[in-house]
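Worksheet: one structure, shown below.
The values are calculated or read from the model by the stated rules, or taken from the named source; none is laboratory data. The shown structure was predicted, so the numbers you read here are calculated from the model rather than taken from an experiment. When we count neighbours, we look across all protein chains shown, and the Cβ atoms used for this are built from the backbone with ideal geometry, even at glycine. For accessibility, only protein heavy atoms count, side chains too; no ligands or nucleic acids. Shrake-Rupley method; radii C 1.70, N 1.55, O 1.52, S 1.80 Å.
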Amino acid sequence: MLNKPVLAESLIVFIIVLFVHAVVWDRYSWCAVALAIQAFYVQFKWDRLLQLGGAVFQFRTAANSGLLPASMVIPLLGIAMKERCKSAGIVYFERFGIVVASTGMLVALFLSVIAVGITKPVPTNTCILTGVAGSIIIYTMKHSLTVSEVIEVLEVLLIFVYLSMILLYLLPRCFTPGEALLVLGGISFVLNQLIKRSLNVIEGRGDPIDFFLLVAVVGVVLLGLFFTVLFVFMDSGTWISSMFFHMMTAVLGLGVIMPWLYRLIQRNPLFWLLQFLFQTQTRVYLLVYWTLLAASACGVVFYQNAKRSSESKKHQASTITRKYFHFIVVATYVPGLIYDRQLLYVAAVLCLAVFIFLEYIRYFRIKPFGQTLRHLLSLFLDERDSGPLILTHIYLLLGMSLPVWLFPRSCAPKGTLSGAGALVPYSGVLAVGVGDTIASIFGSTMGEIKWPGTKKTFEGTMTAIFAQIIAVALILIFDSSVNLNSSYAWILASVSLVSLLEAYTTQIDNLLLPLYLQIMFM
């Protein structure tokens with residue numbers, strides 16, 4: 001049987017799904033409900049496979065499969081985007097939302113079919129449920145999508161299949177099945193969008209900063225795949241290999257990524273970036289401020305490592321110490337959201353590329369900094385970093401940035417949505433920067449009443465909800481563009497549900513919570 005935390009997590013996800021479709025009920029709602037029911041049952045099969053070691057790949061073992069919460073994220077995002085753009089009268093992005101929802105459903109269904117297929121003996125009831133859900137989804141897609149949209153969905157599914165086979169083999173124990181669905185599904189969609197827009201660049205659709213995100217994500221992923229294959233035949237820890245790494249990075253960056261970006265934005269990418277970053281005095285002030293915050297974050301890392309060196313026993317950073325970085329990230333994002341969201345968008349993309357590049361240097365032990373990074377970051381490891389990669393800091397950045405990147409700017413007439421939708425860009429700040437941080441600190445220091453089957457406490461969750469409500473009030477005071485239009489009950493319900501999800505989920509909360517809060521706000 002499923003344990004209590006998994007049941008509670010599933011119940012919270014079902015409530016969120018029903019909340020969303022109580023507002024938006026159409027043909028896609030039947031698909032989402034069917035997908036949620038079958039994902040709940042298939043999640044049990046995945047959990048059993050993980051416990052018995054029968055999964056095809058090596059997944060992260062300190063957590064359940066997380067298939068249900070992960071399966072609903074992309075479809076719900078697509079449905080919410082469709083409704084927002086439909087109300088704004090933007091047909092192109094309304095259709096785009098339908099494609100996103102259909103793609104998310106099909107990719108989640110594929111992962112469910114894998115679990116059912118490798119379970120022995122074959123689970124008859126779960127097979128029937130999966131078949132019914134698949135039939136409903138395919139029937140709806142047949143009557144909703146054009147031929148070109150169906151092809152686009154199948155392209156993303158094909159990319160997802162190949163990426164899963166490659167990355168899950170190369171990176172054992174880095175993901176749960178649910179996390180793999182979110183991360184690899186997102187990368188697959190980004191890669192397909194980049195290919196599509198590169199072929200249709202003459203149409204001139206899209207903002208340069210959107211192209212910058214697509215090229216940066218695909219570029220760092222391809223760079224990692226290239227060096228992973230290369231270092232199968234070479235020792236990555238030697239000076240010769242390190243020099244080759246830096247040289248090939250420059251060659252691929254200047255010879256492939258830059259020309260690709262030039263084709264998309266029709267101007268020199270470096271000149272465009274410099275002009276963009278220093279376009280106004282406000283941007284210069286923000287960049288200086290962010291540089292100081294980055295220096296303070298590095299100072300925390302060096303101080304904690306010096307503290308470890310001075311102690312005889314093994315020293316590991318405490319939960320509260322790790323939350324320092326959450327406070328620093330909140331202090332980084334809030335001024336950007338208030339004063340210049342486009343700059344924050346581009347700066348977050350640059351920061352993501354730097355983080356992933358530094359992780360390559362650490363993972364491959366590239367001289368002269370590879371071994372140093374291994375030593376410095378080992379202090380901040382927790383049970384979620386059980387694989388060869390350290391991903392928690394990258395997930396923190398993604399959790400804060402995804403609401404900014406996924407904000408439907410084209411469907412927001414004045415750069416912001418009405419009602420609770422005005423808080424969409426703040427979803428990461430509220431869920432991770434405020435809620436998760438406060439819950440962790442107060443729960444670990446003062447919490448006594450534990451939620452059944454978890455280490456999380458009732459006091460931590462209640463304090464997190466209260467802190468997020470205070471944060472919303474402060475946002476209303478300092479950000480004049482936010483107008484909630486009396487949607488306070490919906491905001492309270494959204495914050496409460498996501499805080500309860502934080503208490504019960506064993507998935508990467510930095511990634512999952514902001515996406516669910518964004519869905520509720522949209």
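Dipole size of the chain about its Cα centre, with +1 on Lys/Arg Cβ and -1 on Asp/Glu Cβ: approximately 520 debye, rounded to the nearest 20. Each 10 Å bin from 0 upward holds the following percent of the Cα-Cα pairs of the chain: 3, 18, 30, 30, 16, 4, 0.
Do any trypsin sites (Lys or Arg not before Pro) in the stretch 176-257 lie in a DSSP loop with no more than 15 other beta carbon atoms within 10 Å, and if so, which?
Numbers: sites: Lys196, Arg197, Arg205; in loops: Arg205.
Listed in order of number, the matching sites are Arg205.
Backbone N atoms of the stretch 1-26 closer than 20 Å to the 7 Å Cα→Cβ label point of Ala489 belong to residues 15-25. Beyond 21 Å in Cα-Cα separation lie the following of the pairs Lys307/Lys456; Lys45/Lys455; Lys323/Lys456; Lys45/Lys120; Lys45/Lys450: Lys307/Lys456; Lys45/Lys455; Lys45/Lys450.
For the stretch 356-490, give the percent of accessible area contributed by carbon and sulfur heavy atoms, probe 1.4 Å, rounded to a whole number.
Details: 3920 of 5880 Å².
After summing per-atom areas, the C and S share lands at 67 percent.
By the Cβ rule of 4.7 Å, the chain holds the following cysteines without a possible disulfide partner: Cys31, Cys127, Cys174, Cys298, Cys351. For the listed peptides 176-185, 501-510, 156-165, 6-15, a ranking on the average number of other beta carbons within 10 Å per residue, highest first, reads 176-185, 501-510, 6-15, 156-165.
Multiplying the residue separation of Leu270 and Gln342 by 0.36 nm and removing their Cα-Cα distance gives an extension gain of 24.2 nm.
The helix-only estimate of mean residue ellipticity at 222 nm for the chain, built from DSSP H runs of length n ≥ 4 each weighted as -39500 (n - 2.57), is -24500 deg cm²/dmol after division by the residue total. Accessible surface for the chain, divided over its residues, is 45 Å² per residue with a 1.4 Å probe. Quick one: which residues, 5+ away or cross-chain, put their amide H under 5 Å from the amide H of Lys450? H built at 1.01 Å from N. Sorted by chain and number, the residues that satisfy this are Phe458. Taking only protein heavy atoms and a 1.4 Å probe, the accessible area of the stretch 224-332 is 71% carbon and sulfur.
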